[in-house]
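Please read the structure below before turning to the comments.
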Amino acid sequence: MGKPRMIILIRHAQSEGNKNRDIHQMIPDHRVKLTPDGWQQAEEAGRRLRDLLKPDDTLQFFTSPYRRTRETTEGILRTLTSDQPSPSPFPRHTIKVWEEPRLREQDFGNFQPC
């Protein structure tokens, strides 16, 4: 495997925690999901990536195990590999997705008030 043509970093899309910080008092950080706007943002990122990438690029995704990042990756892949509006040069089965725990948020414990 040679040197990659480019490395693209994408932060997770809008999550419930971005919209309402109090959610962390009820839901563990790793289980916070995307908002409907977040899903749209992830799908838009997939459309933009499709325009940015070359058809012969080899794609590999590295994502944290947190729900919001896995959902962002899924939203990106949904539009990146879609045959709408035209056939995608990136079949889903050719894209590797790696879940990497070292990419997750720093975890200092639960300091929210009871």
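The values are calculated or read from the model by the stated rules, or taken from the named source; none is laboratory data. The structure presented is a predicted model; accordingly, all values stated were derived computationally and were not measured. Here Cβ is always computed from backbone atoms with ideal geometry, including for glycine, and neighbour counts include all displayed protein chains. Side chains included, ligands, DNA and RNA excluded: accessible areas come from the protein's heavy atoms. Shrake-Rupley method; radii C 1.70, N 1.55, O 1.52, S 1.80 Å.
Some points to look at:
- For the stretch 39-62, the count of residues that are polar (S, T, N, Q) and open to solvent by less than 70 Å² (accessible area, probe 1.4 Å) is zero.
- Pairing each residue of the stretch 91-103 that is farther than 17 Å from residue 53 by Cβ with any residue that is of a type in the set (Lys, Arg) and part of a helix (DSSP H, G or I), provided the two are 6+ apart or on different chains, yields C-beta distances under 8 Å for 99/70.
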